[in-house]
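Before any comments, here is the structure.
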Amino acid sequence: MTTRLMMAGIARVLTVPGATMAKTARMDAEGNGKVTKSGCQQVHPDMQEGTFASVDTDASATLSTAEIDAARDAGILPGESSGG
């Protein structure tokens with residue numbers, strides 16, 4: 001199960017367009033592979049209060065690639081989606 005999830009995550013990263021991947025990397029303010037609220041606010045300074053919490057659907061205090069993609073697809077966060 002863990003291997004399957006890891007492979008799915010790797011496949012997802014490999015399908016993210018370059019511009020989107022770069023923007024997501026900039027949101028990783030701490031450089032630890034996690035997108036926190038502060039990192040998201042650095043890239044999206046006009047983000048409304050409560051937006052991060054609505055995008056963080058699993059309430060982990062970090063955004064996954066899937067959560068970021070879903071928010072971009074829904075127009076909540078600006079930027080290209082990785083949709084296919």
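Computed from the coordinates by the stated procedures, all read-outs in this text should not be read as laboratory data. None of these values were measured; they are calculated from a predicted model. Neighbour counts are summed over all protein chains in view; Cβ atoms, including those assigned to glycine, are modelled from backbone coordinates with ideal geometry.
When Lys and Arg each count +1 and Asp and Glu each count -1, what net charge do the other residues less than 14 Å away from residue 62, Cβ to Cβ, add up to? After counting each charged neighbour, the total is -3. In order along segment 25-30, phi translates into HN-Hα couplings of 4, 5, 6, 7, 4, 8 Hz, rounded to whole numbers, per the Karplus curve 6.51 cos²θ - 1.76 cosθ + 1.60 with θ = phi - 60° and x for Gly and Pro. Ordering 30, 49, 67 by the number of other Cβ atoms within 10 Å of each residue's own Cβ, fewest first, gives 49, 30, 67.
Spacing of the modelled spin labels on residue 73 and residue 22, each 7 Å from Cα toward Cβ, amounts to 2.5 nm. Counted residue by residue at 0.36 nm each, then reduced by the alpha carbon distance between them, the extension gain from residue 59 to residue 38 reaches 6.0 nm.
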